[in-house]
Every structure is written in structure tokens, then in C-alpha cells.
Amino acid sequence: MTKLFDNIPEGPLVDKWTKYKADAKLVNPSNRRNIDVIVVGTGLAGASAAASLGEMGFNVKSFCFQDSPRRAHSIAAQGGINAAKNYQNDGDSTYRLFYDTIKGGDYRSREANVYRLAEVSTNIIDQCVAQGVPFAREYGGLLDNRSFGGVQVQRTFYAKGQTGQQLLIGAYQALSRQISKGSVTMHNRHEMMDIVKVDGKARGIIARNLITGEIERHSAHAVVIASGGYGNVFFLSTNAMGSNCTASWKSYKSGALFGNPCYVQIHPTCIPVSGDHQSKLTLMSESLRNDGRIWVPKKKEDAQAIANGEKTALDIPEEDRDYYLERKYPAFGNLVPRDVASRAAKERCDAGFGVSKTGQAVFLDFSDAIKRMGKDVVAARYGNLFQMYEKIAAENPYELPMKIYPAVHYTMGGVWVDYNLQTTVPGLFAAGEANFSDHGANRLGASALMQGLADGYFVLPYTISNYLADDIRTEKISTESAEFEKAEKAVKERLDFFINNKGTKSVDYFHKKLGKIIWENCGMARNKEDLENAIKEVKELREEFWKDLRVPGVQNGLNQELEKAGRVADFIELGELMCYDALDRQESCGGHFREEYQTPEGEAMRNDEDYTYVAAWEYKGENETPELHKEDLTYENIELKQRSYK
Amino acid sequence: MNLTLKVWRQNGAEDKGRIVEYKISDISPDMSFLEMMDVLNGQLIDKGDNPVSFDHDCREGICGSCSMYINGEPHGPENLITTCQLHMRSFKDGDTIYIEPWRAAAFPVIKDLVVDRSAFDAIIQVGGYVSVNTSGNTQDANAIPIPKADADSAFDAATCIGCGACVATCKNSSAMLFTSAKISHLAHLPQGKVEAKERALNMVAKMDELGFGNCTNTGDCEVQCPKGISLDNIALMNREFLGASLKSEK
Ligand SMILES: Cc1cc2nc3c(=O)[nH]c(=O)nc-3n(C[C@H](O)[C@H](O)[C@H](O)COP(=O)(O)OP(=O)(O)OC[C@H]3O[C@@H](n4cnc5c(N)ncnc54)[C@H](O)[C@@H]3O)c2cc1C
Ligand code: SF4
Ligand code: FES
């Protein structure tokens, strides 16, 4: 049986990381170039890890499925990145960022990891500025900050609504520098298809060259998975179309545990679904909640009239508007954490106050902000987001309030890792959104970018060296072993199966069906009966998928349907695991809301007595029920409280 | 809406390629252009044909993957947006729409509408960065105040998404707008100034080596750039480049 060791260093919280770094084993520079490290993914986590490891002298092989590392999904992040710089002199500190993150995560994350994250956050900003990341500045030339949900200090650094783009370009440039030096070899348009283990250790991957279809073997002394989150299980999400769980899922199937799969973040401010043709959903950055006010009409007739097109928001007088977040949560108002804001929107819409044809939309209104600051200031802050909205919704948000609704956005769950960001498979590490590590049951805004860069620039370089220090005598790993042979054969067989199956339904047909099942039963509200049904339905869907899937084209060449088929096959299996996890967790916490467990006011009701643990699932084989392991979370520095944003 | 699509089909780099006509019906004006392409591909798959390959990922105008030449313009008829942000309400019932890949010697077609843009990565690799290690032990981020105007100019140039529309629209297939955007982004910041001249020399040399053409100041690139990257960047690059060439001759 797999045993869970969190490997958290001894000593007081504030000293753990310093001590770890001081004690970590190093690899002699002359040995490093004989050691290979594979990094799957070139988002913030992967690009920063590959650049840093390359710089240290390791021989890095980097992979992404896009045509350039610069296009990883991190590019789409909008609002900002947190760091405890306290430039605004508003009482911020490492401890406060740590505290806010634990509280925001509804007391379901690991203290030591979160503290380290808060600690290195300030280095990220220094590093990025040194790289030429053009963060927003004030007229005095110093860096500007904005507030994000769930906190009462201004600690979010940003570059208009394109923070992810600017940070990723920074990491991509650092990566490019290493590529030009020869320390990183870049494999664009390559998809990792499986992990290869030799003698129990991760020693390589099988990858498919997406242009030629060739199946390749790549070996290494250690493998890092930085492949992003699995929000696309739901088909509709704010993730990029190609975002997928394959690398994480193959890690799971090769023995790494999967942590908290049911923790999914539904982001409150996205452009609502417009019809069946919809292929993805578009986020409107949380930063908009700094100045926008969320409301629905107080009267159902008004909501209906707006939905029917008989009235617009402008016809509703002030006294007939329900600013429900300000009403219910006066202390935080529109800046409550995401899970709280999303549930509140769903509650109002379910009660019949939604303002669109589908009944699933609320207003995000900037008229007060425009009155207060002028249109120019609003445009300077949010111009590109307003433009993005107008292109999609065909309405001008300077004149009419935006219509928004919650959508799947981020997955807190992911591959289980210890303090070293190492999975339960030795030599297999996971970073960024792909791991489960820092956000507990709910992530605070602007903390994913922080975590991705912290993992890649500042944590993995130490922990991987520490691991590899014992491996310096291991020669280059051969790709001719039986293990590589076997893994490659399995990959090829699966691809051939897809091509030769010649069923009647396209990949998207199955993906949409899966998304619907998971959204309805394991989405914003969950209950026992629905989850049990969902497990049945997903199993049936899986059977149908393998029977009736049609993938046109050939294996040996660019075939986007074939790429999707593999990803959806994995999503279907992961969807089932999410339901098991949601079923097991008989409490509500953060993004996981079990209808059976709520306070009289309808807020999430945790059960700390029984559920203060990380659920880490172990794969037991095809058609076997996975096994649950529990990592107990101990809080030595923070007192567990019911979260209150009132 | 009912539409006639004339789509470039090319089965691999070696294939000659041709325009193939498809009829498509019941397209909603609220669909994005790529969602319309999804509908087309759904139809093709149902008939047992091969769907049209095209690059796309974020579908919100930021990753720079999507790259279609629509009715003779990169990213289609509207300005300041990418193909994935284009909506069918920009077309009329009964329209015929031509859909082709980027065409440039330095961007060979891989299949259908998919082209190889790795030449852009190669240009960045010869100097499109600040040579600083990632230790995090740099000075405090606020140690050097940067005038807001400079920071804003750097940001504007840095919003280039590397899509390649500038190259595709240029009659010389020049990569000047893309290259100058990076040079200008970094030259506007004190952190990037140190290497500015050398960076310009190396990136321009690489650009020429990779088969991108010369700039004849036609200005199409600026018009077609989805991010509004300005021609001023090219002027700045020319200054950096000229300064650098003079210095290196000495
Ligand atoms: C619209 C949007 C806005 C956001 N805004 C913010 C924000 O303002 N602040 C914030 O903190 N967070 C934000 N987030 C969250 C944040 O962007 C992500 O969590 C983060 O960028 C993930 O980074 P990553 O490096 O872990 O993975 P990603 O950026 O998702 O990168 C994944 C990489 O893995 C590669 N890959 C995946 N699978 C394979 C495979 N099988 N083979 C080979 N390569 C593979 C991909 O090619 C890619 O390079 C936002 C998210 C979205 C969707
Ligand atoms: S300059 Fe504009 S058109 Fe050219 S690659 Fe950049 S964003 Fe695309
Ligand atoms: S798909 Fe990302 S810019 Fe169009």
C-alpha cells in the first residue's frame, strides 16, 4: 500500500524553508550536465522550472502541445499576481498572505506549503521586474497594486488585464535564453502520452509528435509534470481548448496519488452561455469586482421583463435593485471570495431573479464607477476587458451593465505532492495547477500565477537537486529497456484503436455529454443521490465511448480529432474519480458544496472533526474502485474558524 | 444564416493544396468564427470526411494560436481582433467566405490552415530577453522607479501575441513589426537597455536569415495587427539597429 509522507521539515513554520534550503543536498555543477530532467508543460510553472533548471546546468527537455511555449494557457490569465510586498503600507505581511490563503481555502490546505508560498511571493515580483515584465505603475514610477477578492489589503500586481501574458512572456524569454544556450531542448507540438517507470522511479515519458504522429521515447533522471488543470472535464470552462488532464492522469495511473479531485473553482464573473454551439466560456477578470457592483432586480417581474427584452437594466430604479453581495456580506461586499460570490449568484438565479433568456445571468454594473472616476479611468483600468465583452456579447458595457454568470475556471485538486512537490512516485514531480498543493478547497484570486512561478523558479530548483544528488552515479537512462518498450506499445495500441474503431459519434459528442453530467451533478451544488447517479452515468458513457467513437484520419500525421480522443478518454475516467471524492466528503468547504451540509443561512458548513484531511486517491486498476488515503492536516499556527465575510 | 465556405485544404507539407467548397446552414450570428468552423468539422466527421485542421487554443484573443486568412485579410474583416474573437454577426446570410492559411516562405503550411511559426521563437531566442538569472536575488522591484510613460510604452509593445498576421499581410512577408515590438518592449525599460543594441543586431540578423522579407513601409502590418502594435516600434528598432550597426563597424 502506498504510504503518505508529507516530508515537511521540522522546526517553526517561519524557519522551515530557510532550513530546508540550507540542508538541501546539491549536485556538483560538473555532474549536472550529465543529468536529464523532463519538464512537461511551458505555462508559468513549466517554463519557469525549465528555465531555472537549465540555468543551473541540468540537461532539460521541455514539452508543450502548442506550436510555441509562449502559447500555454497561463497566457490567458488576466487580473494579477499576489505578493506580500506591502508597498501600499496597508498592513500586509508574509503572515497575512499565508493566513488569507489558508482561510480563503477554507482550512483545507497544508500550512507549511502555504507559508513557503507567501514567503517567496516577494521574490517573484523582484524577479519579474528584473526580466522586464511591464507591470502597471503609478505616476511616481513605482509599482501599482489592486485588491482582489477575499482579502482586505492591496497586494495584487498587474499589467492591465494581461498579467498572465506578461508573466508568461517573461518566463518564455528566460526559457528562450536557455534554449539558445543549449541547456534546454524544446519539443513544441508534442503531447506526452505516458510516464515510464524503471525500478519504481519515474525515468521518462512517451510522447507523440503531433505533426508526424511519430511515437517517441524520452528518458530522464526526473520528470516534472506542469501540465495545468483539468477544468475541461466540464467541456465548457474558461480554460483554453487544449487544456487537458492527460499528463496528470497518466501520473495517477502510474502510481501517483490524486489529491482532492472534487475541489473545483467556479468563477463568479464569466460571460454567460449563449447557445448550444458554445465551445468555451470567457472569464471577465475578478479585478472588475473592485469597481463593478453586482445586482439583480428586487422584483421578479422586472427580472422577467429584462429577460424578455421588454426592459433593460437602465429601466430599473435604484431602490428596486438588489446588490445582494453588499446586502449579505457588508464587510467584504462585492469582494467576497469566488466560491461565495458564485453560490450567491446561483441562489438568486435559481430563485427566479436572473436577467437573461436562460435565467442564468446577473448584472455587473460600472455606472457608479464611471460617475465617480470618469470613463477614462475606467477605460485605462479595464479597457481590454470591456472590449472583449463587447465583442462577445455585442453590448457596450460603458452603457449597459455586463451580464455575467459563474463558470468552471480552476481546479484546486491535482496530483498529490509532498513538501518537495514530489508525487508518491519517486522522481516524479508536479507543479502549478497540475498539483493539488496550496489552495485547499478554494483558491484566492491572483494566487495561481503566484504559485506557478513560486513552484518553478524557487521551489523545484532546490527540491529536484536534493532528489538528484543521490542519482549522480546513474548513467544516462536507456530508452531501450523493456519498460519503454511496453509503454510505447500500449500508447500505439490505444491510438490504433481510436483510428480503427470507426463508430458513429465524434469526440465532441462524448465530451459534451460528460461535461453535462459533471456540471449538473458535481458542479456548484452536489448531493449524495446525484453523485451516485453521476457515477453510473459516467460509467455508461465510458462504455459507449469505447464502443462508438469515431476518429477520422490517420495516426501518422497531424490529426486533431485523435489528440482530442485521448484527452477525452482520460477526462471521462477523471470525472468518475471527482464524483467519488465529492461523495466521500460529507461536508461543504470552499468550492465543494454539498447541499446536505449547509448553515441555516445557506453557507457552506464544514466538518472539521471528520474531514480535516486531504483526500488522496490511489489507482487500483481498470474497473476497480480507487482507494482513499487521508493526509491529516494539522494546524499549529492558525485556529480553524468558520469563514465569515459578513 | 446560410453560407458558402471556400476553404484551403492541403494534406501535409508536400501536398499542393486546393480550395474546396462547402455549404453550411443554420449558423447563428452569436457564434464565433471558430465555432462556425466547429460546426463545419462536425458535419465533415459525420459524413466520414476529414475535418479541417486549424490552430486555436485560448479562443479569447491572447494566445496567438488562431491564424486564418479570411476573405483576403488576416483574422478577417474586423480590426483589432483575432479570428477567435470574430463573430458571425460580422457576416450576412448568403455570404461566400474564403478561408486560407497564413502565406509566407518563413511560415510553411503543415496541413490545411495550420502553419509552422517556429521562426518567431528562433528570433526571440537570439536576444529577445534580459540576461538575468532566475534566482530571485535581484534588487527590490521598486528600487528603480520607471516613468509611467515608459512602462506603458513597454507594455503596449509587449502585448504582441506572436500570431504572425503582420507577416501574413505584408507583401514582403516582413517580420519587422513582430521583431520591433520585442526590441521596443525591452528598450523602454532600464533592465533591457543594457543589451538593447546587441539585441537589435542579433534579432534583425536572424530575421533576415530565416527568410522574412524587407520592410518597405507599406504599413499593412499595423492595420492588420490584432493588438494594435504601432509602426513607431519599427522606427525605434531602426534607430537601435542603426546605432548598433555603426558601433559594430568601428
Ligand atoms: C481565463 C483565466 C484567467 C485567469 N486569471 C488569473 C489571474 O488573474 N491570476 C491568477 O493567479 N490566476 C489566474 N488564472 C489561473 C492561472 O492562469 C492558471 O492556474 C495557471 O496559469 C496555470 O499555469 P500552469 O503553468 O500550471 O499550467 P498551464 O499554463 O495551463 O500550462 C500547461 C502546459 O502544459 C502543456 N501540456 C498539457 N498537457 C500536456 C501533454 N499531455 N503533453 C505535453 N504538454 C502538455 C501545455 O502545452 C502547456 O504548456 C486564470 C485562469 C484562466 C482560465
Ligand atoms: S505584431 Fe501584431 S500581427 Fe504581428 S505577431 Fe505581434 S500581435 Fe501578431
Ligand atoms: S485562439 Fe488564442 S488568440 Fe485565437
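For A:ARG526, B:ARG18, which order do you get if you count the other beta carbons within 10 Å of each Cβ and list the fewest first?
Least to most surrounded, the residues fall as B:ARG18, A:ARG526.
This ranking places A:ILE271, A:ILE294 by how few other beta-carbon atoms lie within 10 Å of each, fewest first, which gives A:ILE271, A:ILE294.
The alpha-carbon of A:LYS505 sits under 19 angstrom from the alpha-carbons of these lysines, leaving out residues fewer than 8 places away in its chain: A:LYS513, A:LYS516, A:LYS539, A:LYS547, A:LYS564, B:LYS47. For A:VAL415, the residues whose amide H sits under 5 Å from its own are A:GLY259, A:ASN435, A:PHE436, ignoring neighbours fewer than 5 places away on the same chain, with H placed 1.01 Å from N. Of all aspartates and glutamates in the structure, the ones whose alpha carbon falls short of 20 Å from that of B:LYS206, not counting any fewer than 8 places away in one chain, are A:ASP67, B:ASP116, B:ASP121, B:GLU195, B:GLU198, B:GLU240, B:GLU249. Give the shape of the range B:98-223 as rounded, prolate or oblate, defined through the alpha-carbon gyration tensor: a ≥ b ≥ c are the square roots of its eigenvalues, a/c under 1.5 means rounded, and otherwise the shape is prolate if a/b is larger than b/c and oblate if not. Prolate, because a/c is 1.5 or more and a/b exceeds b/c. Suppose R0 equals 41 Å. What FRET efficiency, 1/(1 + (r/R0)^6) with r the Cβ-Cβ distance, do A:LEU640 and A:GLU390 give to the nearest 0.05? Efficiency, from the Cβ-Cβ distance: 0.40. For the range A:302-365, trypsin sites (Lys or Arg not before Pro) are listed when DSSP marks them as loop and at most 16 other Cβ atoms sit within 10 Å of their Cβ; the list is A:LYS357.
When Lys and Arg each count +1 and Asp and Glu each count -1, what net charge do the other residues less than 12 Å away from A:ASP36, Cβ to Cβ, add up to?
+3
Over chain B, DSSP H runs of length four or greater, each weighted -39,500 (n - 2.57), average out per residue to a 222 nm ellipticity of -10500 deg cm²/dmol. Taken residue by residue and averaged, Cβ atoms of other chains lying within 10 Å of the Cβ of A:561-568 number 1. Ranked for footprinting exposure by Cβ neighbours inside 10 Å, fewest first, A:PHE510, A:PHE497 give A:PHE497, A:PHE510.
Within a straight-line Cα-Cα reach of under 18 Å, A:LYS476 can be paired with the following lysines, leaving aside sequence neighbours fewer than 8 residues apart in one chain: A:LYS61, A:LYS197, A:LYS201. Given R0 = 45 Å, the distance between the Cβ atoms of A:GLU601 and A:LYS536 translates into a calculated FRET efficiency of 0.85.
Angle of helix A:111-131 to the longest C-alpha principal axis of chain A, folded into 0 to 90 degrees and rounded to 10: 90°. Once the Cα atoms are used to define both axes, helix B:33-46 deviates from the longest principal axis of chain B by about 50 degrees.
When only Cα pairs below 8 angstrom with a gap of at least 6 residues are kept, the range B:3-110 shows a relative contact order of 32 percent.
Taking a Cβ cut-off of under 13 Å around A:ALA222, the surrounding Lys, Arg, Asp and Glu residues balance to a net charge of +2, with basic ones at +1 and acidic ones at -1. Modelled spin-label separation between A:GLU520 and A:TRP546, with each label point placed 7 Å from Cα along the Cα-to-Cβ direction: 2.5 nm. Only helices enter this figure: runs of n ≥ 4 DSSP H residues, each worth -39500 (n - 2.57), summed and divided by the residues of chain A, yield -11500 deg cm²/dmol at 222 nm to the nearest 500.
The C-alpha atoms of chain B define a longest principal axis, and helix B:148-158 lies at about 40 degrees to it.
Seen from A:VAL425, the other residues with C-beta closer than 9 Å to its C-beta sum to a net charge of +2, counting Lys and Arg as +1 and Asp and Glu as -1.
Legend: mean number of C-beta atoms from other chains within 10 angstrom of residue C-beta atoms, peptide B:119-132, equals 6. Residue separation of B:THR4 and B:ASP232 scaled by 0.36 nm, minus their Cα-Cα distance, works out to 78.1 nm of gained length.
Label zone of A:SER93 (point 7 Å out along Cα→Cβ, amide N under 15 Å): in the range A:620-646 this covers A:637-638.
List the relative contact order of chain A as a percent without decimals, with contacts defined as Cα pairs under 8 Å and 6+ residues apart. Present the calculation step by step, with values, prior to reporting the outcome.
Numbers: 1414 pairs, mean separation 130.5, N = 646.
Answer for chain A is 20 percent.
Here, each number is a calculation from the coordinates, and none is a lab measurement. As the structure is a computational prediction, the values presented were derived from the model and not from experiment. FYI the Cβ positions are ideal-geometry reconstructions off the backbone, even for glycines, and counts take in every protein chain you see.
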